[in-house]
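Chemist: Pasting in a structure now, in structure tokens, and then I'll have a few things to ask.
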Amino acid sequence: MDAGWSPSDIAFREEVRAFTRESLPADIRDKVMSGRPLARTDHMRWQDVLADRGWIAGFWPQRFGGCDWTPAQSYIFQEETTYAGAPWLLPFGVNYVGPVIYTYGTEEQKARHLPGIVSNEVFWCQGYSEPNAGSDLARLSTRADRDGDSYIVNGSKIWTSMAHWADWIFALVRTDARSKPQAGISFLLIDLRSPGVTIRPIRSIEGAHHLNQVFFDNVRVPVENRVGDENRGWTYAKFLLGHERVLSAEVGKGKRMLDRLRTIADRSGIADSHRYRERLNQLETDLLALEWTTLRMLEAVMDGSAPGYEASLLKLRGSTLVQAIAEATADALGPEAIPYDPACLEEGTNDPGDELARHMGIVSEFLFQRAPTIWGGSNEIQRNIISKHALGLG
Amino acid sequence: MDAGWSPSDIAFREEVRAFTRESLPADIRDKVMSGRPLARTDHMRWQDVLADRGWIAGFWPQRFGGCDWTPAQSYIFQEETTYAGAPWLLPFGVNYVGPVIYTYGTEEQKARHLPGIVSNEVFWCQGYSEPNAGSDLARLSTRADRDGDSYIVNGSKIWTSMAHWADWIFALVRTDARSKPQAGISFLLIDLRSPGVTIRPIRSIEGAHHLNQVFFDNVRVPVENRVGDENRGWTYAKFLLGHERVLSAEVGKGKRMLDRLRTIADRSGIADSHRYRERLNQLETDLLALEWTTLRMLEAVMDGSAPGYEASLLKLRGSTLVQAIAEATADALGPEAIPYDPACLEEGTNDPGDELARHMGIVSEFLFQRAPTIWGGSNEIQRNIISKHALGLG
Amino acid sequence: MKISQTEEQTLLSQSISRYLADRYDDAARRRAEAQACGYDRDTWTEIAELGWLGASVGESAGGFGGPREMAIVLEGAGRAMMAEPLVTACLALSILEAADPSHGSLPGLLSGNSMACGLAAQAGSGLSVTGRNGSRVLSGRFPTVHAGAAADLLVLALPDIAVALDPAARGIDMRAFRGMDGRRYADIVFRDVPLDDGSVLCEGETARPVADRASQVFSVATAAEASGIAARLFEETLAYVAQREQFGQPIGRFQALQHRLADMYVAVEEARSLALAAARSAEDDEAPGRAVSQAVVGTVDRALHVAKEAIQLHGGVGMTEDLPLGAGLRRIKVLQLMPGGAEDHRKRLTT
Amino acid sequence: MKISQTEEQTLLSQSISRYLADRYDDAARRRAEAQACGYDRDTWTEIAELGWLGASVGESAGGFGGPREMAIVLEGAGRAMMAEPLVTACLALSILEAADPSHGSLPGLLSGNSMACGLAAQAGSGLSVTGRNGSRVLSGRFPTVHAGAAADLLVLALPDIAVALDPAARGIDMRAFRGMDGRRYADIVFRDVPLDDGSVLCEGETARPVADRASQVFSVATAAEASGIAARLFEETLAYVAQREQFGQPIGRFQALQHRLADMYVAVEEARSLALAAARSAEDDEAPGRAVSQAVVGTVDRALHVAKEAIQLHGGVGMTEDLPLGAGLRRIKVLQLMPGGAEDHRKRLTT
């Protein structure tokens, strides 16, 4: 079905497809395709390839190292690379902190931090959630007390993905305890090598280590590392949350996962079972709906009529769908899914020739995919946003 | 599976089964089995049969005309008669107002009203809901102003099932507008032949007329028709809502409806389709769960350990299940379900020999069964009750 | 990039909405249903004049649109739950367009002076054409033809032949009935109906794409109507929960209901997306494929969910004919169960 | 009328709860999982002394219970997500009871000094006994035997024969592995394993009821364990939402969550009812029927729903191994996918 792409969009899609086919290392692709965990070096190797091509931050303005991609191009890039088995392009630098810096940062901050993101030399992570502040960021209690030209930061951040791999963290911290909870928050850039930073790994239910708790014990952060005004960090955080979320629908990923489901079902002999067919048909239909909803929202973003809550709609459905595909894939393995030990996921064999290791990736992904309906604003929060903003139910 | 019934319970079940087999008129049974609408006379004929046997109000104390049935006997009676195709024993007199009168009424009220219920001579209906007071009875605004030995009633009641067939209505009315919403309400018995009463029929989505709006225009009601204290009607209403609800699970009805679904599927040739089998299996499993939950709750009621919210649990699941069976049955008809005109339901042919008329009953029931999840405290209200009272979530 | 609609399509959509808002409320629907033929002939002429029928075919056939424009018309009709036989009439026009765009009946049909019912093979059973050349006869049955008894022409697209028949022709038997959606249907049986040269629109190799087209258009129309109904039932519910007060506030303030409304909203948006996907596929003149069947199943499933939730969240009043919710549920059930409807597509997709 | 449990059964249930509360927290489970054999042998002896194993068989075999008592034990074990191989051990005891209640191994098994794995035919594949009388051999495979490598005895119930074998016997091949639920399993392959008179428990006509019994007991145990896990996960969630504060109040005050918790509560109650139905059916010694299969499917489906909701409603912390939610989800997935598990029952019910 023709989605109404322009000729230049179609040409761009071909370009991305050809580039990915040629440039994505086979071993990385194989890990992604089989759901096995990626090492830091896997992410970095692929992102280096993109950096060389100038495609790390394609949607950024050219003057900051981007390509001025339209939302359609960003979408095409994500869909094509993801479908082809490229690793998730880690969003912490390029999608999250980068746009905040080039929108609200000082010239010095832009000069210091943007090049490292575009060149894939600096690895960022995000410090928003705290043990007592999950969905409710207004409750956050990590303090930054002014001391001359520095802030002294104390507290901790949790669910910090990839913090153990990161160089820097951008964090929301409380700089004024007396004002209303949403006010009094500032947006700080913190070098993770600073004295007083400790990182505790958190083991996830699928056996992987990607989550962390980051502790700040009298960590000294120069005031020049604050983005924007003091006590207005909430504004920048909200800007960030709304940024580029149309891409979150993960249509390419859904297609890739459905391909694998079909392959496994063919191999395991359940492809003829009616139950499997009903389920596959349901998932394919949901993906078709998600794809066309994404396209409609993309169009709205491009012609300036985007309702503003399109991200919530796509996040809600996209996360639910990849979750369902991941479970259907584990189920398609049947009893063969059982010989999987999450405790061995990270240290265990990752030899792609090992059939059990392949299954391990599939079961691991079934468990891991319980997360997308929680992170980035849980689906309950997304329903709140939709009912308040799209439906006006206040 | 042996549910642990006592020998006397087993004997009672045999007695009810034999009695129903012999005494339930075949034409009434046939209407019930095929889902066609019952006339007032159909209900009355069957209830006369029960009245003759002394089984209209079996669970009532003997001194008021009942049989002192245990909850187990009440359950057995309902399951057996319903499964055999007996009409729903209309609850307004026997289950609702009767127990309120013998618990809170005066000797005169007992003497005047109870015999008519037990003998099936007086037809009652229930006046709780109002256009602006559905789940929230505290909002009710039908007024009863004292005038000497009478109240003057003004206002209207809505969703009054069978009001057009009824002789009397029991109604909640506001007798004190100044006190808190839950207070200031009284429980009145009103003769529907009183001057100033008008009944407007409401056509339901399945084409039947069972709902009504009852208007009161300066209706004079003797003060002696008030049950219990003035302004304490809320207490009696709550007593009534909690009364005998363990029976609401409708296990017998579910079994009867599943029998019909199987028959129709066999006839329509879909019995071999996997989709139908999955659905049937799901419904059968849900019914098995409902039945054993009902039995567990029944045991708890009898040994005095009932948690108090068992009615909500059973109502929630029972209503959802009969709704699902009714829809599966319409779906099993496939395209043959289409030639059904709700506008002709009441006046249309009820000749059981007419195949279309049989289908009419099935489609009508699919539509009608959207109601049980709404009436008697919607399922949303039941979830509120469970979360507050069973789960303590306040 | 033009994904959802062009400016012209937006204008069409707005004009439809205006007409429906001004002229077609629930009372109008009920009056239409009460007519002997099951719809209102004045309305029919009006909407024909407004171009609703011309929207479904291209200029070569005297119209100005195609599948996407037809879908816009049917989404509007679904929203208003119109009793008028738009699906069947658009289907007839599309078959004529594909088989014989200069067919003499087209001007009269487009102006609303006459009405044709289109019959796609997937809605029929036991269809056969026997005999050779001058002496062929058609047999078979279409059990659920909307407004069949009011048709001036029956236009059939079978895999090997497309024909246009006078409903009064020998061998055509009709039994009219009202369906659960309140509409008039005919159960049409063809028994050895002679096919003369005048009735044959095309045959042999050229008939297959016509039949494919009919199947495609029927699916697009079904998805579009279901998506319109879903949108309407959702809007009714949203308006209701915003004004209905219980426990001291509008019930739309209760979070449990808000989350269910959010899910209804998502279902409506997805139904719209799926209906669009189906229309775009037909625009590209693709053969009827898996995705189009999925679009039909997906929109009808979502519309059914929305209809049930609409009734539940309205409470008692949702069970009454005072509101159009029951009508919506009944119509969606027909779209699900009718021959060639969502269940048939699901069967094809899963077996 | 005694539907759910007798006084003795209530006492048993209370004693189990007490032991688990005192002695078996999540850390104990992790320690047990970390043992080479996959469970803790001291715990095994303790619970044997408390009568947990004796609960599954009647007096003739040296125990004091039956299927309902076994279900009570397994519901408790499910609640604690115990790593100890109770299902397989109870199954072995039940087969021995049905086939040869005076079998010499029983006292040692009941006291916990030794451990036997029971193998019901539904969990195996390619099972066959060939040859006649003195020279019969057994072949086949049981791919997922909990704690198989730690067994002192393997007790098999096949339709025509029941046997008890030394795991070290010639022709028995074991490959040990850890499953996604963190437990130790063995993939056991029997290749022409000679069956001497000492290993045969019963055969021919008398073997069928033994095999039926094994099948029944396996189902009862699966349903009971799933129902226990569901109850535990629900309780964890209820406690969490009551104390976790966000937006100025415990999240359990938010109505959308309340309604989902109400549905979880209903699922847990129904799982309990279905597990009870299965146990009562086995108590009455009925042949394995549709209802028992439905009870397995129904409890596992409900437990799976509860596990997913438990993780979702916990948010981030639900995704970590700091809580037992992931362990619960993984165990339920095993009960669903294992040979003879819920999916196999569903297949039987729907094809």
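What follows is calculated from the coordinates using simple rules that are stated; it is not laboratory data. Source: prediction; values computed, not measured. Here the Cβ positions follow ideal geometry from the backbone for every residue, glycine too, while neighbour counts run over all protein chains shown.
Chemist: With unit charges on the beta carbons (Lys and Arg positive, Asp and Glu negative) and the dipole taken about the Cα centre of segment A:121-190, which residue among A:N154, A:I169, A:C125 sits farthest to the positive side?
Modeler: A:N154
Chemist: Then there is this: Find which of D:G289, A:V32, A:Q182 sits farthest along the positive direction of the dipole of the protein assembly as shown, computed with +1 on the beta-carbon of Lys and Arg, -1 on that of Asp and Glu, about the Cα centre.
Modeler: Of the candidates, A:Q182 comes out farthest on the positive side.
Chemist: Another question, if that's okay. From the Cα gyration tensor of the protein assembly as shown, with a ≥ b ≥ c the square roots of its eigenvalues, which class applies: rounded if a/c is under 1.5, or else prolate if a/b is larger than b/c, or else oblate?
Modeler: rounded
Chemist: Which of the aspartates and glutamates could be linked to A:K180 by a straight reach, that is with a Cα gap under 20 Å, when you skip same-chain ones fewer than 8 residues away?
Modeler: Those aspartates and glutamates meeting the cut-off are A:E130, A:D136, A:D145, A:D229, A:E230, D:E245.
Chemist: With the label 7 angstrom out along Cα to Cβ, how close does B:D266 come to the same site in each of the other copies, in nm, nearest first?
Modeler: Counterpart label points of B:D266 in the remaining copies fall at 4.2 nm.
Chemist: If you take the beta carbon distance between B:S119 and C:S128 as r and set R0 to 56 Å, what does 1/(1 + (r/R0)^6) give as a FRET efficiency, to the nearest 0.05?
Modeler: With R0 = 56 Å, the Cβ-Cβ based efficiency is 0.30.
Chemist: Stick to Cα atoms and the Kirkwood definition of Rh, then tell me Rg/Rh for segment C:208-349.
Modeler: Checking Rg against Rh, the ratio lands at 1.07.
Chemist: At 37 °C and 0.692 mPa s, what whole-number value in µm²/s does Stokes-Einstein give for the translational diffusion of segment B:1-71, with Rh from the Kirkwood sum over Cα pairs?
Modeler: 236 µm²/s
Chemist: OK, next. Tell me whether segment A:124-231 comes out rounded, prolate or oblate; compute the Cα gyration tensor, take square roots of the eigenvalues as a ≥ b ≥ c, and use a/c under 1.5 as the rounded threshold.
Modeler: Oblate shape, in that a/c is at least 1.5 and b/c is the bigger or equal ratio.
Chemist: Here is a further query. What percentages, rounded to whole numbers, describe P(r) for segment A:31-140 computed over all alpha carbon pairs with 5 Å bin width beginning at zero?
Modeler: Spelled out bin by bin, segment A:31-140 gives 2, 11, 19, 21, 18, 14, 11, 5, 0 percent.
Chemist: If you average 1/r over every pair of different alpha-carbon atoms in segment C:1-122 and take one over that average, what Kirkwood value in Å do you get?
Modeler: By the Kirkwood definition, the hydrodynamic radius is 14.6 Å.
Chemist: How long is the gain from A:A39 to A:D27 if the chain were fully straight, where each residue apart is worth 0.36 nm and the alpha carbon distance is subtracted?
Modeler: Net length gain for the segment: 3.2 nm.
Chemist: What are the semi-axes of the equivalent ellipsoid for chain C, taken as the square roots of 5 times the Cα gyration tensor eigenvalues, largest first, in whole Å?
Modeler: Working from the Cα gyration tensor, I get semi-axes of 35, 20, 19 Å.
Chemist: Would you list, by chain and number, the lysines whose Cα falls below 19 Å from the Cα of A:K253, excluding same-chain residues fewer than 8 positions away?
Modeler: A:K31, A:K315
Chemist: Same structure, new question: Rounded to the nearest 0.05, what FRET efficiency do B:H274 and D:D197 give with R0 = 56 Å and r taken as the Cβ-Cβ distance? Could you check?
Modeler: 0.75
Chemist: Nm distances between the label at A:P195 and the same-position labels in the remaining copies, 7 Å along Cα→Cβ, shortest first?
Modeler: Its label point is 9.8 nm from the equivalent points in the other copies.
Chemist: Given charges of +1 on the Cβ of Lys and Arg and -1 on the Cβ of Asp and Glu, with all other atoms neutral, how large is the dipole of segment C:7-115 about its Cα centre, in debye to the nearest 20?
Modeler: 280 debye
Chemist: Then there is this: So what are the radius of gyration and Dmax for the Cα set of segment C:118-206, in Å?
Modeler: Rg then Dmax for segment C:118-206, in Å: 12.8, 41.
Chemist: Answer with one residue from B:G58, B:A86, B:I101: the one whose Cα lies farthest towards the positive end of the charge dipole of segment B:49-139, charges on Cβ with Lys, Arg +1 and Asp, Glu -1.
Modeler: Final value for the positive-end residue is B:I101.
Chemist: Once you charge only the Cβ atoms, +1 for Lys and Arg and -1 for Asp and Glu, what is the size of the charge dipole of segment A:249-390 about its Cα centre, to the nearest 20 debye?
Modeler: With Lys and Arg at +1 and Asp and Glu at -1, about 560 debye.
Chemist: Still on this model: How far is it, in nm, from the label point at A:D167 to the one at D:T45 when both lie 7 Å from their Cα along the line to the Cβ?
Modeler: Label at A:D167, label at D:T45, 5.9 nm between them.
Chemist: Here's something else I'd like to know. Distance from the Cα centre of segment D:31-87 to that of segment D:161-180, in angstrom?
Modeler: About 21 Å separates the Cα centre of segment D:31-87 from the one of segment D:161-180.
Chemist: From the Cα gyration tensor of chain A, with a ≥ b ≥ c the square roots of its eigenvalues, which class applies: rounded if a/c is under 1.5, or else prolate if a/b is larger than b/c, or else oblate?
Modeler: prolate
Chemist: First measure r as the distance between the Cβ atoms of C:D284 and A:D52, then evaluate 1/(1 + (r/R0)^6) with R0 = 41 Å and state the FRET efficiency to the nearest 0.05.
Modeler: 0.65
Chemist: Still on this structure, I have one more. Counting alpha carbon pairs within less than 8 Å and at least 6 residues apart, what relative contact order, in whole percent, applies to chain C?
Modeler: Relative contact order comes out at 16 percent.
Chemist: So for segment C:208-349, averaging the separation of alpha carbon pairs under 8 Å that are six or more residues apart and normalising by length, what relative contact order in percent results? Don't skip to the end; give the middle numbers.
Modeler: On the way: 181 pairs, mean separation 44.3, N = 142.
Reported as a whole number, the value is 31 percent.
Chemist: Work out the length of the dipole vector of segment A:124-231 about its Cα centre, built from +1 on the beta-carbon of each Lys and Arg and -1 on the beta-carbon of each Asp and Glu, and round it to the nearest 20 debye.
Modeler: My answer is approximately 280 debye.
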